[in-house]
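The values are calculated or read from the model by the stated rules, or taken from the named source; none is laboratory data. Note that the structure is a prediction, hence the values are computed from the model and not measured. As a convention, Cβ positions derive from the backbone with ideal geometry for all residues, glycine included, and neighbour counts pool all protein chains shown. Note: accessible area is taken over every heavy atom of the protein model, side chains too, but ligands, DNA and RNA are not part of it. Shrake-Rupley method; radii C 1.70, N 1.55, O 1.52, S 1.80 Å.
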Amino acid sequence: MIKIENLIKEYNLVEVVNIPSLTFEFGESIGLVGNNGAGKTTLFSMLLDLIAPSKGTIYSKDTSVASSEEWKSYTASFLDETFLIDYLTAEEYFEFVGRVRGVSVEQIKSQVSEYSSFFNGEVLGQKKYIRDFSKGNQKKIGIVGCFIGNPELVVLDEPFANLDPTTQIRLKELIRRKMEDRKMTIIVSSHDLQHTFDISDRVILMEKGKVVKDVNKASGSFDELMEYFNQ
Amino acid sequence: MIQKLLVSLQKKQFSRRAKSGIDIWVAVLKWFAFGYLALIFLILGIGINKIVLKEFDGQSIVDVVSRFFIFYLSSELIMRYFFQKMPVAMLKHYLVLSIKKKEIVSFFVKRTFLTPFNFVQLFFYIPLLVNLLRFDYNIVGSIFWVVSLYLLSFIMHLLVVLIENNKTVFIAFVIGIIGFGAITYYEIFDFTSYIQHIFSATYYYPFLVVLFVGIFYLLYRLVLRFYLSSLYIDVLDIKKDIDRNVSDISWVEKFGKHSLFIKNDVKLILRNKRAKSVILMSIVFVFYAFIFDFGFRSASNSYGFQVFLGYFVTGGFMMLFGQYVPSWDSSHYSLILTQKVSFHEYLESKWVMISFATLISILLCSVYLIKGLDFYLLIVSMGIYNIGISSFLVLYTGIYTRFPIDLTSAKNIMGDKKAFNARSFVMVIPQLLIPVVIFYCADWVLGYYGALGCLALCGVLGIVFRKYTIRYLADLNKKEKYNMIIDFKKK
């Protein structure tokens with residue numbers, strides 16, 4: 001699905017990302033962990049062609065994301081609040097992103113209603129603009145927006161931050177449910193090891209822009225990762 | 001001690017702010033405006049004696065100046081309303097520090113007085129005073145009179161701070177002044193001869209200056225109190241009102257494949273105060289040419305000037321909205337970039353919207369038929385020219401006029417960007433000159449109607465071949481997108 005080759009991003013001669021080679025398979029759920037400054041968000045931004053790499057290429061389905069816009073038709077992402085249109089209501093926002101992905105208005109409505117428990121009755125039918133919601137609810141809107149139209153690739157940056165405990169658990173359930181039929185690739189970054197470990201098939205640990213551990217859940221253990229941070 | 005700290009922070013804030021090429025232009029323009037005003041004031045101040053002698057056969061300078069002072073004062077108030085900024089946003093940082101609220105407020109209110117536009121008036125008042133003394137006016141009276149006039153500028157300064165949040169008061173005031181000016185201009189009734197006594201009072205009774213000082217002090221206390229009472233983050237921030245008016249705008253669906261984007265833009269305009277003011281200003285632009293019925297009759301007879309008017313009256317929305325494409329979407333630009341949206345569709349939908357607004361402007365402009373069919377024809381052809389040519393030039397400049405637009409901040413007391421700012425004007429000059437040049441060239445060969453036809457033809461060609469122009473702009477957008485993201489995240 002995603003192939004990263006010789007990817008380097010540097011600012012003023014300081015390397016913030018340096019990944020010689022990395023591949024994500026279709027239907028995999030990948031967790032990206034690391035301390036602040038590990039380069040997770042920068043990597044995501046390059047994956048979404050929001051930042052141009054200094055060197056190297058990211059291929060999505062064998063085409064470079066920087067040169068073709070083909071990836072947009074099957075990719076949904078939520079990195080931060082700049083992915084929200086804050087003067088729309090939640091429903092209007094879902095309609096916008098859904099229609100851009102070619103989903104009909106009726107389908108959007110029925111898909112959104114599936115997430116009513118995730119919203120805990122706080123978001124839908126409120127006649128409230130997104131900018132007036134709390135940070136946590138904004139995040140929920142952004143995350144659900146990603147799943148509308150069931151895109152093949154979903155990229156979420158720090159989805160657990162700012163969420164209340166109930167929603168964190170529900171989000172994990174949601175991601176597991178989406179992964180059941182293996183028709184979606186989900187890449188999630190987080191500071192929270194436990195959450196990441198719970199939802200991912202594969203956990204990638206980054207430090208100072210480099211991949212330092214790439215653990216398959218089937219073979220590796222949570223303690224192995226934990227150990228790294230305890231050093 | 002704390003004062004010193006605050007001053008040093010202010011200096012750092014100024015020297016370390018994010019700068020772009022456009023900021024330098026704005027600074028240049030600002031100082032140019034300052035120089036221009038200073039020069040005019042200086043000429044008026046030095047020549048006031050001759051002007052009064054020639055135009056008002058030797059009435060007292062004090063009386064003549066006092067008589068027209070109300071008009072100067074109103075225009076100063078209007079200018080201040082648009083350009084004076086209160087840097088309230090930064091107050092937020094100091095709220096939880098151990099600084100007394102009173103100290104913070106008084107520092108920042110005093111700080112707002114330090115702008116060149118509070119001192120430019122001296123270029124008029126000092127030579128005026130010298131003139132008065134030279135021509136044997138009462139010394140004490142002259143000094144106190146000039147001081148009281150200058151005090152009025154500071155009173156205006158405080159008044160604007162107070163009415164900044166109250167658009168209704170401001171609009172009522174502007175309408176009042178226009179009506180007042182019209183009545184005087186058409187010699188229906190001359191109020192000025194009564195009002196002048198207010199302004200000349202301190203010359204004849206110098207002790208009245210106490211009144212002016214009193215008003216100033218009172219307003220100053222009021223402003224302090226106003227800010228003291230709003231030193232809470234929820235007041236400083238956007239006022240949140242739940243249950244917004246989520247109006248039905250399904251009529252937009254008629255725009256076909258562009259409707260998805262246009263719907264968003266209509267919502268953007270209806271739901272954000274800063275964007276809403278674009279509509280208001282566009283309407284003001286439509287009636288802009290009427291201003292030239294007062295005062296500048298001779299200038300508005302020149303064709304070049306009429307082309308210029310045609311550009312403005314039909315192009316208000318185009319300029320005010322178009323020059324900030326894509327900055328309007330700065331707060332959610334990452335979303336636009338990661339969705340299946342091509343720049344071509346995106347730009348074309350913006351163009352459709354601009355064209356639609358321009359068409360409405362052309363229709364509204366039919367009021368100019370009272371100024372003759374020829375003038376209206378000129379407006380129509382300039383309208384077509386704007387749709388086909390200028391709109392793309394404006395969209396082009398928009399790509400480089402990029403800065404994060406804080407959609408919600410325009411109206412609340414910490415808003416520091418007005419819908420109408422100096423950046424707008426720098427970019428507009430070449431766009432204005434091209435149609436004037438086309439007009440004169442064609443007029444020279446083909447005559448008036450031929451020239452109008454030429455402008456309209458340019459517009460029609462622009463519309464027909466828009467695909468190529470939009471493709472060019474889309475490529476440019478694509479090339480600039482990484483830089484745009486960086487610029488849109490600058491605060």
Of the conditions (1) out of contact with any Ser or Thr (no Cβ under 8 Å at 6 or more places or on another chain); (2) closer than 21 Å to A:Leu84 by Cβ, A:Cys146 satisfies every one except a single condition; which number is it?
(1)
Count of segment B:472-489 residues which are under 19 Å from B:Ser342 (Cβ atoms) and in contact with a Pro (Cβ under 6 Å, 6 or more places away or on another chain):
0
What about B:Ala182, is it open to solvent by 40 Å² or more (accessible area, probe 1.4 Å), among the small types (Gly, Ala, Ser), assigned to a helix (DSSP H, G or I) and out of contact with any helix residue (DSSP H, G or I) (no Cβ under 6 Å at 6 or more places or on another chain)?
no
Subset of segment A:93-109, residues more than 7 Å from chain B (Cβ to nearest Cβ) and under 28 Å from B:Pro404 (Cβ atoms), comes to A:Tyr93, A:Phe94, A:Glu95, A:Gly98
Of everything in segment B:100-115, what is farther than 14 Å from B:Met156 by Cα and open to solvent by 30 Å² or more (accessible area, probe 1.4 Å)? Give them in sequence order.
B:Lys100, B:Lys101, B:Lys102, B:Glu103, B:Lys110, B:Arg111, B:Leu114
Selected residue [of a type outside the set (Asp, Glu) and within 30 Å of B:Ile51 (Cα to Cα)] from B:Val130, B:Val223
B:Val130
Can you name every residue in segment B:257-269 that is at pLDDT below 80 and buried (at least 21 other Cβ atoms within 10 Å of the Cβ)?
none
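Can you find, within segment B:409-431, the residue that is modelled with the lowest pLDDT among those that are part of a helix (DSSP H, G or I) and open to solvent by less than 20 Å² (accessible area, probe 1.4 Å)? Walk me through how you get there before you give the answer.
Going residue by residue through segment B:409-431, those that are part of a helix (DSSP H, G or I) are B:422-431.
When the remaining residues are screened for being open to solvent by less than 20 Å² (accessible area, probe 1.4 Å), the result is B:424, B:428, B:431.
Numbers: B:Ser424: 54, B:Val428: 70, B:Gln431: 84.
It comes out as B:Ser424.
If you go through segment A:62-79 one residue at a time, do you hit one that is more than 13 Å from chain B (Cβ to nearest Cβ) and open to solvent by 30 Å² or more (accessible area, probe 1.4 Å)? Walk me through it before giving the result.
Step one: list which residues in segment A:62-79 are more than 13 Å from chain B (Cβ to nearest Cβ), which gives A:62-64.
Still in the running and open to solvent by 30 Å² or more (accessible area, probe 1.4 Å): A:62-63.
Yes, that holds for at least one residue.
Determine which member of the set A:Gly220, A:Gly142 is open to solvent by less than 40 Å² (accessible area, probe 1.4 Å) and part of a helix (DSSP H, G or I). Lay out the reasoning, then the answer.
Values: A:Gly220 fails: part of a helix (DSSP H, G or I).
After applying the criteria, what remains is A:Gly142.
Does A:Ala38 satisfy the condition of being within 14 Å of chain B (Cβ to nearest Cβ), of a type in the set (Gly, Ala, Ser) and crowded, with 23+ Cβ neighbours inside 10 Å? First the steps, then the outcome.
On the way: within 14 Å of chain B (Cβ to nearest Cβ): no; of a type in the set (Gly, Ala, Ser): yes; crowded, with 23+ Cβ neighbours inside 10 Å: yes.
Against the criterion (within 14 Å of chain B (Cβ to nearest Cβ), of a type in the set (Gly, Ala, Ser) and crowded, with 23+ Cβ neighbours inside 10 Å), A:Ala38 does not qualify.
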Test result for B:Val313, touching a Cys at 6+ places or on another chain (Cβ under 6 Å) and in the same structural domain as B:Leu280 (by TED's automatic domain parsing):
yes
Tally, over segment A:80-92, of residues that are facing chain B (nearest Cβ under 7 Å) and either under 11 Å from A:Val144 (Cβ atoms) or open to solvent by 50 Å² or more (accessible area, probe 1.4 Å) (or both)
0
Of all residues in segment A:148-178, count the ones that are at positive phi and either open to solvent by less than 70 Å² (accessible area, probe 1.4 Å) or aliphatic (A, V, I, L, M) (or both).
2
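Residues in segment B:121-129: is at least one modelled with pLDDT under 90 and either open to solvent by less than 20 Å² (accessible area, probe 1.4 Å) or under 24 Å from B:Ser200 (Cβ atoms) (or both)?
Applying the first criterion (modelled with pLDDT under 90) to segment B:121-129 yields none.
No: segment B:121-129 contains no residue that is modelled with pLDDT under 90 and either open to solvent by less than 20 Å² (accessible area, probe 1.4 Å) or under 24 Å from B:Ser200 (Cβ atoms) (or both).
Tell me the residue from A:Val112, A:Val100, A:Val154 that is under 20 Å from the mean Cα position of the chain (by Cα) and at pLDDT below 90, please. Break it down into steps so the answer makes sense when it comes.
On the way: A:Val112 fails: at pLDDT below 90; A:Val154 fails: at pLDDT below 90.
A:Val100 is the lone residue from the list that is under 20 Å from the mean Cα position of the chain (by Cα) and at pLDDT below 90.
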Which one of these does A:Ser200 not meet: (1) farther than 30 Å from A:Ser104 by Cβ; (2) open to solvent by 20 Å² or more (accessible area, probe 1.4 Å); (3) small (Gly, Ala, Ser)?
(2)
Can you pull out every residue in segment B:270-285 that is touching a residue at least 60 places away in the same chain (Cβ under 8 Å), surrounded by 18 or more Cβ atoms within 10 Å (Cβ to Cβ) and within 11 Å of another protein chain (Cβ to nearest Cβ)?
B:Asn272, B:Arg274, B:Ala275
Over segment B:436-459, the set of residues touching a residue at least 60 places away in the same chain (Cβ under 8 Å) and loosely packed, with under 15 Cβ neighbours inside 10 Å is B:Tyr440, B:Tyr448, B:Tyr449
Taking segment B:307-354 on its own, how many of its residues are away from chain A (no Cβ under 14 Å), open to solvent by 10 Å² or more (accessible area, probe 1.4 Å) and of a type in the set (D, E, K, R)?
1
